[in-house]
Amino acid sequence: MNPPDEDKDALRRRCAELEAENRAYTRYIRDKTNFLLGVIGTKELEEDELDDQALIKLDPIGIVARSFQQILTNLNQTIDELREAKNELQAIFDATGVGISIIDRNFVVERCNEKQREMLVNSSVEEVVGRHCFEVYCDRIAPTSECPALDSFETGNAALVCEVQKKGRWFQLVTTPFSRAEDGSISRVIEVSMDITEKKKVEDAEKELREFCQTERRKLATVIESLSEGLMVVDEQGRIVSCNLAADEITEQRIGENRNRPLNDAIAEFMPLLRSDAGNVQGMEIMTRTRQGHDLLLSVNVGCLSDKEGRPLGHVLTFRDITEEKKRAELYHRAEKLAAIGQLSAGVAHELNTPLGSVLGYARLLLKDKALPDNLKNWAEIIAEQAKKSSTIIQGLLRFARQSNPAHRCLEHCLLNDVIQRTLPVLSTELGKRNIELISELNPVPTVVADPQELEQLVLNLTMNAMQAIGEKGCVRIETAQAGSKVVMKITDDGPGVPEEIRFRIFDPFFTTKAPGEGTGLGLALCSGIVSDMGGAIDIAGGEERGATFIVSLPASDAVNGSGDLHE
């Protein structure tokens, strides 16, 4: 049985309605799907790309639901991770060794770790968060111009305060911008506080030690510069590192202005003392010569420098000029020797005078005997002649020993130039015989207090000694000059000179370089005694190969005593 027409029409209408609703639903699904695709940045679906039936089978709503479920799951996982990271950050925030605070633009503390509280907050303050930083950290009613947080808020840059003292300790503060407001201004800063008390103590101790070392160094430098001895430091390569002022003065060089120069260029005689096997050296006597040509006798001490491991670093040399000291010592020993020899000579002379006088007397009596044979007469003449020579030697011994009529010495103000001019004519015959030229250069000099006869004997003996040293054909020069409070006489010959090894014995009694029979060895000893009695000094200079100069230095009469009175 077929349904009536009206039912068919109603059915067709219903189907048409359902189809329209189905198309509207499909369009809705397609629109929403394209919207989701647009949200995620994917190209929208085209009409021919996916028909309505395939679209309904695809179930995009289910897919979206499942996607949201996955997103929710991932979001929950992320929230857990963030919570864990927050807890870790909080643990680090609280456990770090520096104090940390977060401060807003009103200087209110938003967060503060325990270290910050421990370091800067007084124990009486219970709550820090929500209070002003200058109140709880600095006990102030407002921030000061030195506040680093104020600097960071104003400039937008990190700020540093090197040293802040609080609660008896020292801190270093650093503030850094943390977040910004919508207008770009800094809204919050992080303040980090570090306890630098121990560091500052170490720095203060180092500063104090450095100042102490500098003070001690200045003291040491002052002591070294005030030393009368020369001091020089050289490195392992033998280069001069430093020296004091005395080193320059003694060596007559400017060593201090030429540091790092080889020691060999300054004083080559020191180099053998720096050998690795030499070790420490004490009292080594070194003969050197200054740049001005002066002979210099130095007493040198050498010490080795090393580091804490014992590795060699160089040497320290100290030295002093003992030239004059050596001369004084030689003069002292010579005077002692002369005194002993003088006493012995005086005793011997007195003991020999009586028997020698008897021998000479009997020899003269024999010579008066007319009946004496010629051979005996010749023998008696030889005895008398030799007795006279022996008597002359004994008289020299007595003069040397200052035992022959010392009361007869007559001291007066003498002009050395006049004495020389009176004495030289006596030698004219001997000078002509030997073909020796005598040159005198007598400059004006003050008087000296002396016995004129002794002064003549001094000039005569020294001039005769120079002539005997020359022998035949040569030149003797006599010079006088004033040197301060001294009157200096120099007698120079161009003879063979005096070897260095016997110069210290040249004034010893009975020491002579002449051939046997030409001298007794008492002439220079007598000169030394005369000069010594006058308070002067005598010395010899000149080369070993040619020529010698005897230098006599006598005190001027004004230097003897202020009133000019004469004293025996």
Residue by residue through the stretch 354-362, what is 3J(HN,Hα) from phi via Karplus (6.51 cos²θ - 1.76 cosθ + 1.60, θ = phi - 60°)? Round to whole Hz and write x for glycine and proline. 5, x, 5, x, 5, 4, 5, x, 5
At a Förster radius of 51 Å, what calculated FRET efficiency corresponds to the Cβ-Cβ distance of LEU313 and GLN292, to the nearest 0.05? 0.95
Could you name the lysines whose alpha carbon sits less than 23 Å from that of LYS32, not counting residues in the same chain fewer than 8 places away? LYS43, LYS57
Distance in nm between pseudo-label sites at GLU324 and ARG275 (7 Å out along the Cβ direction from Cα): 3.5
At R0 = 30 Å, FRET efficiency that the Cβ-Cβ distance of ARG546 and SER485 yields, to 0.05: 0.35
Keeping all protein chains in the complex and leaving out DNA, RNA and ligands, what accessible area do you get for ILE439 with a 1.4 Å probe, in Å² to the nearest 10? 50
What does the accessible area of TYR137 come to, in Å² to the nearest 10, when a probe of 1.4 Å is used? 10
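Quick one: ranking PHE134, PHE35, PHE270 by accessible area, 1.4 Å probe, largest first, what do you get?
PHE35, PHE134, PHE270
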Please give the length that would be gained between ALA371 and GLU430 if that part of the chain were fully extended, namely 0.36 nm times their separation in residues minus their C-alpha to C-alpha distance (nm, one decimal). 17.3 nm
Collect residues whose amide H, placed 1.01 Å from N in the peptide plane, falls under 5 Å from the amide H of VAL241; neighbours closer than 5 in sequence don't count. VAL233, VAL234, ASP235, ASN260
Suppose R0 equals 51 Å; then what is the FRET efficiency for LYS201 and LYS32 from their Cβ-Cβ distance, rounded to the nearest 0.05? 0.10
Would you kindly derive the ³J(HN,Hα) couplings of the stretch 205-221 from the backbone phi angles with the Karplus curve 6.51 cos²θ - 1.76 cosθ + 1.60 (θ = phi - 60°), listing them in order in whole Hz, with x for Gly and Pro? 5, 5, 4, 5, 5, 5, 5, 4, 5, 5, 5, 5, 5, 5, 4, 4, 5
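If SER557, SER123 are ordered by their accessible area, calculated over protein heavy atoms with a 1.4 Å probe, which sequence runs from highest to lowest?
Result of the area sort, largest leading: SER123, SER557.
Mind listing which trypsin sites (Lys or Arg not before Pro) in the stretch 434-487 are in a DSSP loop and have 14 or fewer other Cβ atoms within 10 Å?
LYS473
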Ranking by accessible area, most exposed first, for LYS370, LYS433 with a 1.4 Å probe: LYS370, LYS433
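Give LYS219/LYS327; LYS115/LYS199; LYS219/LYS308; LYS433/LYS486; LYS199/LYS219; LYS166/LYS207 a once-over and call out the pairs whose C-alpha atoms are over 25 Å from each other.
Working: LYS219/LYS327 35 Å; LYS115/LYS199 18 Å; LYS219/LYS308 23 Å; LYS433/LYS486 35 Å; LYS199/LYS219 30 Å; LYS166/LYS207 22 Å.
The pairs that break the limit, which is 25 Å between Cα atoms, are LYS219/LYS327; LYS433/LYS486; LYS199/LYS219.
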Given a 1.4 Å probe, how much area per residue of the stretch 109-266 is accessible, in Å²? 62
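The values are calculated or read from the model by the stated rules, or taken from the named source; none is laboratory data. What you are looking at is a predicted structure, and each value in this text was computed from that prediction instead of being measured. For neighbour counting, all protein chains shown are included, and Cβ atoms are generated from backbone atoms with ideal geometry for every residue, glycine included. The area values use the complete protein model at the heavy-atom level, side chains included, leaving out ligands, DNA and RNA. Shrake-Rupley method; radii C 1.70, N 1.55, O 1.52, S 1.80 Å.
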